[in-house]
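Only the coordinates and a few stated rules stand behind these numbers; no lab work does. The structure displayed is predicted, hence computed values, not measured ones. No Cβ is skipped: glycine too gets one built from the backbone with ideal geometry, and neighbour counts run over all protein chains shown.
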Amino acid sequence: RDGLLRMVKSLSPKVVTLVEQESNTNTAPFFPRFLETDRKERINVEQHCLARDIVNIIACEGKERVERHELFGKWKSRLTMAGFRQYPLSSYVNSVIRILLRSHSEHYTLEEKDGAMLLGWKDRYLISASAWQ
């Protein structure tokens, strides 16, 4: 991943966006990754959004394992070491997303932290989004 990021940086892109599941499936212990499996909302998300990822994480290793999510902090370090700097996020976009999320459920959260937007459900971050130059 680090080599790929350096190669992308050498292309001098105007902006690079990173949207990643906010989970550590690369090095986190197995058991904590699968707590709360009986919650209705979690089952719905897993069936409709994460089924392929879950199978890959559980059943595959080595070259066959393609799903290796990392937390935003790790990506931030990787991008910084590759020579990128964070690009400021729009407060207008943040407010529009917040309104849209609240129209679906009060349990969605949107937080700006360390230069990234973190989309969550209740008290758990699900996705991070950031922009880089």
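Observations
- Within straight-line cross-link reach of LYS74, lysines at Cα separation under 18 Å, skipping those fewer than 8 residues along the same chain: LYS9, LYS113
- As a rough footprinting exposure proxy, the listed residues TYR125, TYR92 were ranked by other beta carbons within 10 Å of their own, and the order from fewest upward is TYR92, TYR125.
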